[in-house]
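The values are calculated or read from the model by the stated rules, or taken from the named source; none is laboratory data. Predicted, not measured: the structure shown is a model, and the values here were computed from it. Note that each Cβ is placed from the backbone with ideal geometry, even for glycine, and that neighbours are counted across all protein chains shown. Keep in mind that these areas ignore ligands, DNA and RNA; they rest on the heavy atoms of the full protein, side chains included. Shrake-Rupley method; radii C 1.70, N 1.55, O 1.52, S 1.80 Å.
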Amino acid sequence: MPHETLFDFVQITDPHDVHPELRQELIDCWIAVTNAGGAAGFPFPPVGADDVVPVADKLLGRLDPQQSRLLIARSDNVLAGWVVLNRDPYRLVGHWGTVHHLQTHPHWRGRGIGVALVHELRKIARDELGLEQLHLAARGGEGLENFYERLGWREVGRWPGALRLAPDDTRDEVLMVLAPL
């Protein structure tokens, strides 16, 4: 991928490694992405710090080398995007992980950061965690299925009408898998 060399990736597996400046960058990014219409976990913009801070703190507090990893992309030492990989330690499902909250800051969109994050996360999942597949759920009607399909993901199902954004706007939740890694 030609864009990958433009970004520095930082993987964080311990909540204590999230310094206050990074925490604030992540929160600011999440707010900007959501308020720009991104499907990143808060379906009802606008959102502010009061909405995002408790969710971000809970997510960051769960970081663990074997169960939850944060991958951030920086360009020119500025946070450009991030994603979370979770893994259930239960042996029955421990061979796959779940991708959450992939987002690129609106100022950095169109530069391949989302693609680069997904490629890097795939390597981490395979090479460091020994995972065989990745799963995700995406909001239908946003074009996300096409983005992920271009990266090798395939749709494996839908929860029809699972997401009600407004009385006249109900969307499917699209279930996708990337396998093999």
inquiry  = Can you compute the helix-only [θ] at 222 nm over the chain? Use -39500 (n - 2.57) per DSSP H run of at least 4 residues, normalise by all residues, nearest 500 deg cm²/dmol.
reply    = -8000 deg cm²/dmol
Distance between modelled label sites at R109 and R23, nm, 7 Å Cα→Cβ extension = 2.9 nm
query = If you roll a 1.4 Å probe over the chain with all protein chains in place, what percent of the accessible area is carbon or sulfur?
reply = 51 percent
Heavy-atom accessible area per residue - segment 36-157, 1.4 Å, Å² = 49 Å²
ask   = When only DSSP loop residues count, what trypsin sites (Lys or Arg not before Pro) in segment 14-64 have their Cβ near at most 16 other Cβ atoms within 10 Å?
value = R62
inquiry  = How high is the relative contact order of the chain? Use alpha-carbon pairs under 8 Å, at least six apart in sequence, and give a whole percent.
reply    = 19 percent
query = What Kirkwood radius, in Å to one decimal, follows from the Cα pairs of segment 2-42?
reply = 12.2 Å
key: Cut-off 14 Å between beta-carbons: net charge of the residues surrounding W30, Lys and Arg +1, Asp and Glu -1   = -3
